[in-house]
Amino acid sequence: MTNLLYDTFFGVHAGKETPFLRMTDGSAVTHAGFLGMGSRFANAIREIGLVPGDRVAVQVAKSPEALAVYAACAQAGFVFLPLNTAYTADELTYFVENSGAKLVLCDAADQAELSKRLQTRIETLNKDGTGSFTELAKDQPNAFATVPRAPDDLAAFLYTSGTTGRSKGAMLTQNNLVSNSLTLTKLWHFTETDVLLHALPIFHTHGLFVATNVVLSSGASMIFMPGFDAETVIDQLPHATAMMGVPTFYTRLLDNPRFTKETSAQIRLFISGSAPLLEETHKAFEERTGHRILERYGMTETNMNTSNPYDGERRAGTVGFPLPDVELKITDATTGARLPDGEIGQIEVRGPNVFQGYWQMPEKTAEELREDGFFITGDLGQIDADGYVHIVGRNKDLIISGGYNIYPKEIELVLDDQPGVLESAVIGVPHADFGETPVGVLVAEAGATLDLDGIREAVSQSLARFKLPRKLVLVEALPRNTMGKVQKNVLRDMYADVFKT
Ligand code: MLC
Ligand code: AMP
């Protein structure tokens, strides 16, 4: 038996002394250097006592070392569980306990707080690559006998929030990751001569399983930036051939007068996803650079589902066609029956990309993953006469801010717990930079006076800062329909302009 994930993404580059990660200071990590680091890490984790199938929870800043933990997990058969660096200790504790992770890697600054909450083994890995974990690994051998795994064995858990406010661990297999990446590599014409400008975080599907896996499977290299900064991106673009980003990357570039046709002349492909790219952004980008952004659509649970064509028309406001090995249908939300093209309904997908279910949540899995393999995405869409898929809305109460998902329920539960708050509703409103941003609408208990700034501060103790409502407003009562359900559409209309300048 082989190890599909390791062999396809990593093992295939053994011995290559060519650059894999190009750092903005001019230094580089070669494929061989990276694989050696991954093997040292695999040895260290095995010595800690983990066995194949065990989860490794990783909440560390983006660095070559952080990425090498992914390689280590692939080689030794551990399940890689990357976590957003913005998550608070409360959030992290839930993920570690829920997943049963046997090892947590975190920044040294967070170790003391996490040690108080968790019994789990904790080692540190800081943003400069130092830490107790690197120390443990430093004298380990540069080689590791790759552990055989079956294509259906689990490779990663990615946590995704839910409409109930409780995060769920999406279980992804080796084949989920490899099949999708090989499809995208071919579709987007990636080869070993490509240099991808990588400014995304590596704890979500986009930066990890789209960007990094495509680079790994094509043998390309990447300019590995710690995060998105428009000035540095503009400086680096002439050294790259492709870039992937969320729409906020593209609007921020367009806001910068240094971003011109000349600075992007070397790029053969700009790709956008994770949130809707406005038609006006698509058009303004083409006017400025001559490039048409290729928009694609995916999810944590499915990796990528659709893509605009590489050679054909990249149609603004659409997410293109289903990937060659992905079936996509539009269905009636009540009956589940397939709807004819042109009609709006829920988007369902089936294929080798679709995950195995939510970790230890069979009832949640059953709600979204049908027995015949179709996954109900929660997105609403339609297929036009030319076969392009349009996403027209969401059947799930979700806000996407700068490419990060925010589930209102999760924030409402914390707001409702604040002293003096009777009830709350969190809605997404348009925001020029982030696309959408949350606004919290509060109702006070009779006689209570609410300190809105104090509430915002209190909420930030338990929720990651990117989830915090950018604005809190106080109302007498929430609008409800005759069934007593809060009418969020009414609230969205009321506050639609609060961030318009
Ligand atoms: C940061 N902040 C955000 C935010 N990012 N607030 C709302 N939404 C966001 N996305 C807040 C911070 O908490 C902080 O608040 C302040 O903004 C500045 O923080 P920062 O770190 O300096 O922000 P910045 O670097 O400007 O980050 C913005 C960003 C980043 C757009 C570059 O969010 C980003 O890289 N987004 C990409 C997300 C992504 O990869 N999504 C893919 C999901 S996978 P304060 O209060 O502390 O000042 C997926 C599937 C698919 O969806 O199809 O791809
Ligand atoms: P996540 O759970 O973080 O993986 O987010 C997945 C969700 O992001 C999808 O269900 C969509 O709602 C949204 N999404 C991803 N790509 C696009 C896109 N190109 N256009 C619109 N929405 C998108």
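The values are calculated or read from the model by the stated rules, or taken from the named source; none is laboratory data. Not measured: the values here are computed from a predicted model. For neighbour counting, all protein chains shown are included, and Cβ atoms are generated from backbone atoms with ideal geometry for every residue, glycine included. The area values use the complete protein model at the heavy-atom level, side chains included, leaving out ligands, DNA and RNA. Shrake-Rupley method; radii C 1.70, N 1.55, O 1.52, S 1.80 Å.
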Distribution output for region 92-149: share of Cα-Cα pairs per 5 Å bin in percent, first bin at 0, values 4, 16, 22, 19, 19, 12, 7, 1
With 0.36 nm assigned to each residue of separation and the Cα-Cα distance removed, residue 229 to residue 311 gains 26.5 nm
By accessible area (1.4 Å), largest first, 188, 359 order as 359, 188
Links exceeding 31 Å between C-alpha atoms in this model, out of 102/127; 102/364; 102/186; 261/488; 186/500; 16/261, come to 102/186; 261/488; 186/500; 16/261
In nm², the average projected area of the convex hull spanned by the Cα atoms of region 244-372 is 9.8
A chain fully extended from residue 283 to residue 132 at 0.36 nm per residue, minus the present Cα-Cα distance, gains in nm 49.5 nm
Reduced to Cα centres, the span from region 7-42 to region 200-278 in Å works out to 21
Rounded to the angstrom and largest first, Cα extents along the principal axes for region 400-453 equal 38, 19, 14
In whole percents, the bins of 10 Å from zero upward hold the Cα-Cα pairs of the chain as 4, 19, 29, 28, 16, 4, 0, 0
Per-residue ellipticity at 222 nm attributable to helices in the chain (runs of n ≥ 4 DSSP H, -39500 (n - 2.57) apiece, nearest 500 deg cm²/dmol) works out to -8000 deg cm²/dmol
A student asked for the Cα radius of gyration and Dmax of region 136-186 in angstrom ought to give 16.1, 46
Square roots of five times the C-alpha gyration tensor eigenvalues of region 251-319, ordered largest first and given in whole Å, equal 22, 13, 11
Relative to the compact-globule estimate 2.2 N^0.38 Å (N residues), the Cα gyration radius of region 398-494 stands at a ratio of 1.03
One finds the C-alpha centres of region 477-495 and region 61-89 to be spaced, in Å, by 41
Simple SL model, points at 7 angstrom along Cα→Cβ for residue 139 and residue 477; separation in nm is 7.3
Taking region 1-156, the whole-percent share of alpha-carbon pairs separated by over 18 angstrom is 56
With the 8 Å Cα cutoff and a minimum separation of six or more residues, region 54-201 has a relative contact order in percent of 22
Across all Cα atoms of region 15-74, Rg and the largest Cα-Cα distance (Dmax), in Å, are 12.6, 38
The computed P(r) of region 319-395 puts the percent of Cα pairs beyond 21 Å at 25
Scaled by the rule-of-thumb 2.2 N^0.38 Å, the alpha carbon Rg for region 49-126 gives a ratio of 1.00
